Each structure stands twice: as C-alpha cells, then as structure tokens.
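The values are calculated or read from the model by the stated rules, or taken from the named source; none is laboratory data. What you are looking at is a predicted structure, and each value in this text was computed from that prediction instead of being measured. Glycine also receives a Cβ, built like all others from the backbone with ideal geometry; neighbour counts cover every protein chain displayed.
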Amino acid sequence: MTQDNRTAIVTGASRGIGAEIARQLAADGFAVAVNYSSSPEAAEAVAAGLRSAGGRAAAIRADLADPDAPRALFDAAEEALGPVGVLVNNAGVMKLAPVAASDDALLDVHLALNLAAPLRLMREAAGRMAEGGRIVNLSSSVVGLNQPGYGVYAATKAGIEALTRVLAKELGPKGITVNAIAPGPVGTELFLEGKSEELVGRIAAMCPFGRLGTPDDIAQVVGFLAGPQSGWISGQVIRANGGLI
Ligand SMILES: NC(=O)c1ccc[n+]([C@@H]2O[C@H](COP(=O)([O-])OP(=O)(O)OC[C@H]3O[C@@H](n4cnc5c(N)ncnc54)[C@H](OP(=O)(O)O)[C@@H]3O)[C@@H](O)[C@H]2O)c1
C-alpha cells in the first residue's frame, strides 16, 4: 500500500466492535470512513474523536441493506478521504431463533446485511483497490460452536467465510489480501441484547479466560490484518475468542 491509498472503510463503525476498529486503524495512520445507518450522532462522535486525535475521518451514512448503498459508500469515502486501500466488513445483525421458528423477515435481514452487503462491498473493492489492498470480513465463532438458536446468523457467517476463501484466490494476482476474523462473544449491544446477566455470566465462563472479549481484542487483530506485517496471509479465518473453540 502507498501513501495514496491509505483510506479505510469500516462498515457499522458508530459503536461496538466497528467503532474500536475505526480507532485502531486511525491510530495506524489510515484515514477512516466511519459508516453508519441509523446512529448519526454516535458516528459523528467517533469521527470527531479520530480527528481530535490527529487523524482524518468522515462519518458516512449508508444503509447497507440497500443494494445501491455499497457503491455509494465507496464513492463517498473516496471523495471525502481518497483512494480506499482497506475494507472492513463489520456491520452485522444477530437475531436469535430456532430454525423452526425463524420467519422470512428474520432470514431476509440477515441475508441482506451479513451476506449480500459484504459481497457487494467486496465486489466494489475488487474493481477499485490497488495492489497492497486489504479486505477484512467479520465472521463469528458461532460457525464452529453451532449452538441452537444461531442457525440463520451462523449460516450467513459461514457464507462470509466461504467468500473470504474464494475472493482471496481471485484477488491474490492483484496483490490484495482477503481474510476474516471470527470473534467469540464480545460485550456489545449485538451480543447483550435480550440476555440476562446470569446468561451472560455463563457464556463468559465458557471461555478459558473466564471473560467476554472486548472490542479492542478484535480491533487489534483487524489492525494486524490491515497492516504491512500480514501481506503473506490471505484466505484465512482467525478465531479471536480466548480459546473458546
Ligand atoms: N458482539 C459479538 O459478540 C460478536 C461476536 C462475533 C462476531 N460479531 C460480529 O462483529 C460485527 C460487529 O458486531 P457488534 O457486536 O459491534 O455489533 P453492534 O454493537 O450491534 O453494532 C452494529 C453496527 O452495525 C451498524 N449497522 C446496523 N445495521 C446497519 C445497516 N443496515 N447499514 C449499515 N450499518 C449498519 C450499526 O450502526 P447504526 O446503529 O448506525 O445502524 C452499528 O454501528 C458483526 O458483524 C457481528 O456479527 C460480533
């Protein structure tokens, strides 16, 4: 990567893991497009924090469930910050239901945001990124855990892992790496919503470290996969979960 393409797009960066990834990449010298859908104040606050720490950042609204949004997001990021060298597909949704109780609305929202949007964004990246580019996708350790209730969510994340491996082979000749990170449970809104304190404690206790992951645990790995030291790593899924699985 050159000085000319040090812009990173982080989808779903208004809070949770994405906000921390934005901070990590800004600290690593990237100009960061802080994507959000419905939380403008939070996204503006993340971008303002990056700028006040000396970085370059812009909050960019794009509802990634809209098929036209990925292209518009790339256009807006390039216009505001310059050529994109890093794409982090972080935005995601997780609604739990046994397969037998899952309806089409639940299926559609997962497919749209967790699978179709990252695919469209990778398609944009494939056409626009120069040599040295980096794509990092957020999967989940539930792909390995296979717990009841996680079927639809896990299916979309398994799809992302498959796309990661295929695209790594397609983009290798262009000098672009494609990897995924599969976090275990991290104490964000997505994970905590609808869970009792007791259940959260039980899930934390399943981890050999006896705690949930933090957004920073994940952001540091993304920083590595987006950085110069990981140039020979592509098509891989890194499970960042404290040894859970
Ligand atoms: N937390 C965990 O335990 C865990 C574990 C494994 C994997 N992951 C994965 O890590 C990623 C981040 O999860 P998180 O826990 O940080 O989630 P989170 O706290 O719920 O944050 C989700 C982010 O996605 C954005 N978003 C939601 N719908 C969007 C849309 N239609 N278009 C654009 N952005 C949208 C939200 O922004 P707005 O509010 O502006 O819409 C928010 O910034 C997800 O892919 C998730 O599957 C999380």
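Looking at the stretch 202-215 only, could you name the residues that are more than 8 Å from the ligand (Cβ to nearest atom) and in contact (Cβ under 8 Å) with a residue 24 or more places away in the chain?
Within the stretch 202-215, 206, 207, 208, 209, 211, 214 meet the criteria.
What's the number of the only condition in (1) at pLDDT 95 or above; (2) within 25 Å of residue 176 (Cα to Cα); (3) not small (Gly, Ala, Ser) that residue 51 fails to meet?
Of the numbered conditions (1) at pLDDT 95 or above; (2) within 25 Å of residue 176 (Cα to Cα); (3) not small (Gly, Ala, Ser), the odd one out for residue 51 is (2).
From the residues in the stretch 171-201 that are of a type in the set (Gly, Ala, Ser) and closer than 27 Å to residue 135 by Cα, which one is farthest from the ligand (Cβ to nearest atom)?
Only one residue fits best here, namely 175.
Residue-by-condition table, conditions (1) touching a Leu at 6+ places or on another chain (Cβ under 7 Å); (2) among the basic types (Lys, Arg); (3) without any contact (Cβ under 8 Å) to a residue 60 or more places away in the chain:
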| site | (1), (2), (3) |
| --- | --- |
| 139 | no, no, no |
| 142 | no, no, yes |
| 149 | yes, no, yes |
| 161 | no, no, no |
| 181 | yes, no, yes |
| 196 | no, no, yes |
| 217 | no, no, yes |
| 227 | no, no, no |
| 238 | no, no, yes |
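Out of (1) within 11 Å of the ligand (Cβ to nearest atom); (2) of a type outside the set (Gly, Ala, Ser); (3) closer than 21 Å to residue 21 by Cβ, what's the single condition that is false for residue 221?
Just one mismatch for residue 221, condition (1).
Take residue 244 and decide whether it is surrounded by 15 or more Cβ atoms within 10 Å (Cβ to Cβ), under 17 Å from residue 133 (Cβ atoms) and of a type in the set (A, V, I, L, M).
So residue 244 fails the test.
Which residues, taken from the stretch 47-97, are hydroxyl-bearing (Ser, Thr, Tyr) and within 16 Å of residue 15 (Cα to Cα)?
Across the stretch 47-97, there are no qualifying residues.
In the list 51, 61, which residue meets the criterion of being more than 26 Å from residue 158 (Cα to Cα) and in contact (Cβ under 8 Å) with a residue 24 or more places away in the chain?
Only one candidate qualifies: 61.
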